[in-house]
Ligand SMILES: Nc1ncnc2c1ncn2[C@@H]1O[C@H](COP(=O)(O)OP(=O)(O)OP(=O)(O)O)[C@@H](O)[C@H]1O
Ligand SMILES: [Mg+2]
């Protein structure tokens, strides 16, 4: 594992080298105040302290740094002749102490522990890498949660095999089609990927789309048609919403799966099916079998290697939410004028998004972010631009809003509101106070109380999850 940003408070080259092994970007400070400044600006995950800075310096650093910073402090001592005992550093607030070079090998274990603690919502997300590997980048499959990594593993396994059909199950919007395309990309990238939605066509049309027909096989069949199974060639045919396939056609599909051949509607010639067949369902197919809507034999034929995509609200998938938000912010084209302008989102907005249940999963999250980009007037998505269910009528929307605000502490909501008012008035406090319906004195007191600082956006000091506006590293290895 590797961290995103590491600060080194030392002039020693071997400590710089050590930091380079565990961090992508290295920032070097020579004084405590420089280290505090850098920490405030870039919110590093780790700071390596030369033990020559005394234990009191740790306290000074913590006192002058942002109280909300989640930076871990590791003090690096000497192999021998250490001036201060390690526990003095720890009692001042350092997290770990390494006894010089003999302990350097322990740093990787510490970094792994830090990474494990970096869970969503409480710590800086490493959002630079949206994808678990190069392959997922090629299919835009964002995700590094345990659940996403597991799905990816299954995708790779199945793509490396001759398994066909492949069943992908999961709630609506979880990314079943994205997963199907990923399998295709790994397996047959040069061939065709043909998708058919089984719910979108009537039984007859679907049959003729899939298998094709010969001229004159039914009234409007005025010429021969090639079916999608044939068209897909050695590529992939993706049968979306398989549970909606009419029961008669299910029997015909079963035959294709068993014989690997099929006939056109009205035809006699057997055509071989070379395509990999991937089917998806957001319904529980076993329940469909029990309700006599889905053939049991087809269910068992499909269920060789089912890949289940975890819903976004599951604890083991939630970690992907901030990552997906960041990805959608970066890639959205919904407002071309705002492209690359809205690059971050406030913590309050993130918290609201993390609390939602996401019945529509990634598709719903994508829509909410696009809507937020449309609504947002600053360079940072704030809570007020997050409208999760726009289907509510105005009359209910106010209630929903009130309910949503009840979800947060009053202080958080107040801080957000004040920050927005200041931002919208370009920090003209008299106007902001008027907007908020409070006196200037009260506004001053609140700004101080909540530590709201001026900047180009509402609460730039603490709320960024963006990695896009980072300063250049002071020194890179
Ligand atoms: N891992 C992912 N990374 C980025 N975007 C994703 C990911 N998974 C899904 N999406 C996006 O979410 C939307 C829904 O994905 P997809 O169509 O694959 O879902 P689905 O499971 O097939 O949904 P349905 O059951 O409704 O057909 C798409 O816009 C897709 O690009
Ligand atoms: Mg789909």
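Any read-out appearing in this document is the output of simple, stated calculations on the displayed coordinates, not a laboratory observation. Just so we're clear, the structure is a prediction, and the values are computed from it rather than from any experiment. Don't worry about glycine lacking a Cβ; one is built from the backbone with ideal geometry, like all the others, and counts go over all protein chains shown.
Where does each of 24, 415 land when they are ranked from fewest to most other beta-carbon atoms within 10 angstrom? Please list the in-between numbers first.
Working: 24 16, 415 24.
Starting with the residue having the fewest Cβ neighbours, the order is 24, 415.
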Centre separation in Å (Cα based) which lies between the stretch 211-273 and the stretch 292-365: 33
Additional length obtainable on full extension of the chain from residue 431 to residue 52, 0.36 nm per residue less Cα span: 131.4 nm
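Given a Förster distance of 45 Å, report the FRET efficiency between residue 292 and residue 215 from their Cβ-Cβ distance, rounded to the nearest 0.05.
Working: r = 36 Å, r/R0 = 0.81.
Step by step, r from the Cβ atoms, then E = 0.80.
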Taking 105, 51 and counting other C-beta atoms within 10 Å, the order from fewest to most: 105, 51
Bridge type composition, the stretch 145-309 - antiparallel percent by DSSP, nearest 5: 20
Value of relative contact order over the chain, rounded to a whole percent, pairs C-alpha under 8 Å and six or more apart: 14
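Would you mind ranking 288, 13, 259 by Cβ crowding within 10 Å, fewest neighbours first? The partial results should precede the final answer.
Numbers: 288 18, 13 8, 259 11.
Ranked by crowding around the Cβ, least crowded first: 13, 259, 288.
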Helix-only mean residue ellipticity at 222 nm for the chain, each DSSP H run of n ≥ 4 adding -39500 (n - 2.57), per residue, nearest 500: -12500 deg cm²/dmol
DSSP-defined beta bridges in the chain - what % are antiparallel, rounded to 5: 10
